[in-house]
Amino acid sequence: MKKQGIGTWITLCALILTIVGFVLYGAVVKAGDKLAIASGSEFFYDMTRPEDVAMGPAVVTGSILAIVFLAAGLVLSQLTLDGIAGKVVKTVAGILRIAAPAMLVIAVFYFLYGSFSGLGWTFFSNEELTIYPEATAVGTQVITAVVIYIVAMIASAVAAYFDIPKKDAE
């Protein structure tokens, strides 16, 4: 543990936040599917609407790839191989650590893309419309999940600039 650099700890935090954001995403989609949001005029999520159809696979794929890339980047960075194998492993680990925040960007943008209609009707509707408390709760969860994803994205991008294992003093 003493040989771990700050990049390890930031990457672990990003990994945990990504998992938490992904779990919240799943809960939000389940809670918001076919949930009436403003006088019953719209659903928060309707998996037949093009935005929601695009959101599902993009967020799931982006999140899973980010989790895999962060974990693999951590593991590969721990390996101490010599020669060409060491250089290849170090390069692959670096690429994975850079690709993880890119996957999170995709997940966040598609999550927002699919949530704009529900958030708009819930938080920015006309006063004469009835806003259901369930929709407000789902909207709050969406905002929480997006914030967690954004913090994970920033943390994983920052972590890419720091070493995973500390450099040995020579």
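Placing unit charges on the Cβ atoms only, positive for Lys and Arg and negative for Asp and Glu, gives the chain a dipole magnitude near 860 debye about its Cα centre. Taken over the chain, lysine pairs spaced eight or more positions apart, or on distinct chains, with alpha carbons under 27 Å apart number 12. Comparing Ile84, Ile64, Ile131 in a Gaussian network model of the chain where C-alpha atoms under 10 Å apart are linked, the largest mean-square fluctuation is found at Ile84. With K and R counted +1 and D and E -1, the other residues having a Cβ less than 11 Å from that of Leu81 yield a net charge of +1.
Taking label points 7 Å from Cα along the Cα-to-Cβ direction, Ile154 and Val23 give a separation of 2.3 nm.
Would you look at the GNM of the chain, springs on alpha carbons closer than 10 Å, and say which of Val59, Val88, Val146 moves the most? Result: Val88 has the largest fluctuation of those listed. Rolling a 1.4 angstrom probe over the protein heavy atoms with all chains in place gives the chain an accessible area of 55 Å² per residue. Compared with the direct C-alpha span, the chain from Leu79 to Ile64 gains 3.1 nm at full extension, assuming 0.36 nm per residue.
Relative contact order of segment 1-136, taken over Cα pairs closer than 8 Å and 6 or more residues apart, is 32 percent.
Which residue fluctuates the most in the chain, going by a Gaussian network model with Cα springs under 10 Å, if the choices are Val105, Val23, Val138? Residue with maximal mean-square fluctuation among Val105, Val23, Val138: Val23.
Among the protein heavy atoms of segment 1-100, carbon and sulfur supply 76% of the accessible surface, probe 1.4 Å, non-protein parts ignored. For the chain, the longest principal axis of the C-alpha atoms and the axis of helix 6-32 are separated by about 20°.
The long axis of helix 83-123 is offset from the longest Cα principal axis of the chain by roughly 10 degrees. Ordered from longest to shortest, the equivalent ellipsoid semi-axes for segment 1-44 are 40, 8, 4 Å, each the square root of 5 times a Cα gyration tensor eigenvalue. Estimated from helices alone, the mean residue ellipticity of the chain at 222 nm is -26500 deg cm²/dmol (sum of -39500 (n - 2.57) over DSSP H runs with n ≥ 4, per residue). Computed from Cα positions, the angle between helix 133-159 and the longest principal axis of the chain comes to roughly 20 degrees.
The values are calculated or read from the model by the stated rules, or taken from the named source; none is laboratory data. Keep in mind the model is a prediction, meaning the values are calculated, not measured. All Cβ positions, glycine included, derive from the backbone under ideal geometry; neighbour counts span all protein chains shown. Accessible surface is based on the protein model in full, side chains and every heavy atom, while ligands, DNA and RNA are left aside. Shrake-Rupley method; radii C 1.70, N 1.55, O 1.52, S 1.80 Å.
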